[in-house]
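A quick write-up on the structure given underneath.
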């Protein structure tokens, strides 16, 4: 019994992080949003509050995940080159740039589905929560290396 328990812990320690690290992240927008592709540089500007409007002039609504979530940690590391609790400021002001926190991938999908100006992210395999991908579209897939 003890060998099975220890073996299970080792599998979790070895494979647990690899599963999260190997998972791709999908950046999503509402289907009505005219954006079809987004660069990592532009994505970073959006999530740092440096770009606050879409090309059509509408205000971007940034959907984020909780500070303590694994996906936020990975997203911030890969896209923003920062820690998940990093604060960004509205350019030229002492005002902290704010995003709207959604606790789950389903909540993020629903929020982006309801607001054409919204942008969010989730694990690529969680797109199935969007009832056959009808309501949101993927504008960037962030491939994550096995670590």
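The values are calculated or read from the model by the stated rules, or taken from the named source; none is laboratory data. Everything numeric here is computed off the predicted structure, so don't read it as measured data. Methodologically, a virtual Cβ is constructed for each residue, glycine included, from the backbone with ideal geometry; neighbour enumeration extends over all protein chains shown.
Details
- Cross-chain or 6+ apart pairs with Cβ under 6 Å, segment 85-109 first and at positive phi and surrounded by 14 or more Cβ atoms within 10 Å (Cβ to Cβ), then modelled with pLDDT of 95 or more and in a loop (DSSP other than H, G, I, E, B): none
- Test: residue in segment 33-46 that is touching a helix residue (DSSP H, G or I) at 6+ places or on another chain (Cβ under 7 Å) and surrounded by 20 or more Cβ atoms within 10 Å (Cβ to Cβ): yes
- Of 62, 79, all but one fail to be in a strand (DSSP E or B), within 11 Å of the chain's Cα centre (by Cα), at pLDDT 50 or above and within 26 Å of residue 95 (Cα to Cα); the exception is 62.
- Residue 113 more than 12 Å from the chain's Cα centre (by Cα), at pLDDT below 95, under 19 Å from residue 35 (Cα atoms) and not in a loop (DSSP other than H, G, I, E, B): yes
- Annotation: of all residues in segment 117-136 being out of contact with any helix residue (DSSP H, G or I) (no Cβ under 6 Å at 6 or more places or on another chain) and modelled with pLDDT of 95 or more, the one that is surrounded by the most Cβ atoms within 10 Å (Cβ to Cβ) is 119.
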